[in-house]
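**Q** Just dropping this structure here.
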Amino acid sequence: MQDFLAAIEIDATIAFSRTVTESDISLFAGISGDFARNHIDEAYMRGTPFGGRIAHGLLLLGYTSRASTLMCEACLKGSDAFVPLALGFDRVRFLRPVRIGETITIRYAIEGVDVARGRVTSAVTIENEAAEPVLAATHIVKWVPA
């Protein structure tokens, strides 16, 4: 286990972009039960400083799951010797609203490896099209021998 964790590169980064869609918002509202007006009532939200509906913060955080999976697969390099388990997120911040139709970029960068505890911490960020941060968090993954 120590050799595996020691080989994980600090600053290794995964990034991808996606456009937030109307169906993303609708499906997430149905799954989560969060039907707040700021997510589902366009007419109401047009009259606010946001100018229209905005994505759920937890939907945005959910997009980071793909980045975590990609990073874990890259660290495993095809091995089945370990199982990565998400322990959670620390210091999650929703910094700016994201509107339907905006393309965001999710970045996931390893920032620390704790060999003794079998944990890896990563900085997770999402930026909008103007390269402004919209979400920031720290993700903790525990690596368990298979």
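The values are calculated or read from the model by the stated rules, or taken from the named source; none is laboratory data. This structure is a prediction, so every number in the text was calculated from the model and none was measured. A quick note on method: Cβ atoms are made from the backbone with ideal geometry, for glycine too, and the neighbour counts reach across all protein chains shown. Accessible surface areas use protein heavy atoms only, side chains included; no ligands, DNA or RNA. Shrake-Rupley method; radii C 1.70, N 1.55, O 1.52, S 1.80 Å.
**Q** Looking at 18, 53, can you tell me which residue is open to solvent by 70 Å² or more (accessible area, probe 1.4 Å), at pLDDT 95 or above and not acidic (Asp, Glu)? First the steps, then the outcome.
**A** Details: 53 fails: open to solvent by 70 Å² or more (accessible area, probe 1.4 Å).
Step by step, each of 18, 53 is checked, and only 18 is open to solvent by 70 Å² or more (accessible area, probe 1.4 Å), at pLDDT 95 or above and not acidic (Asp, Glu).
**Q** If you scan the range 110-146, which residues turn out to be among the hydrophobic types (A, V, I, L, M, F, W, C) and under 22 Å from residue 80 (Cα atoms)?
**A** 110, 113, 115, 116, 120, 140, 141, 143, 144, 146
Results for (1) open to solvent by less than 60 Å² (accessible area, probe 1.4 Å); (2) under 20 Å from residue 39 (Cα atoms); (3) not aliphatic (A, V, I, L, M), shown as yes or no for each residue.
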position: 67; (1), (2), (3): yes, no, no
position: 78; (1), (2), (3): no, no, yes
position: 81; (1), (2), (3): yes, no, no
position: 104; (1), (2), (3): yes, yes, no
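**Q** Listed residues 70, 5; which is part of a helix (DSSP H, G or I), within 19 Å of the chain's Cα centre (by Cα) and over 16 Å from residue 104 (Cα atoms)?
**A** 70
**Q** Can you run down the residue pairs with Cβ atoms below 7 Å, 6 or more apart or on separate chains, where the first is in the range 119-146 and closer than 15 Å to residue 108 by Cα and open to solvent by 20 Å² or more (accessible area, probe 1.4 Å) and the partner is among the hydrophobic types (A, V, I, L, M, F, W, C) and in a strand (DSSP E or B)?
**A** Between residues of the range 119-146 that are closer than 15 Å to residue 108 by Cα and open to solvent by 20 Å² or more (accessible area, probe 1.4 Å) and residues that are among the hydrophobic types (A, V, I, L, M, F, W, C) and in a strand (DSSP E or B), the close pairs are 121/140; 123/109; 125/135; 125/136; 127/104; 127/134; 140/87.
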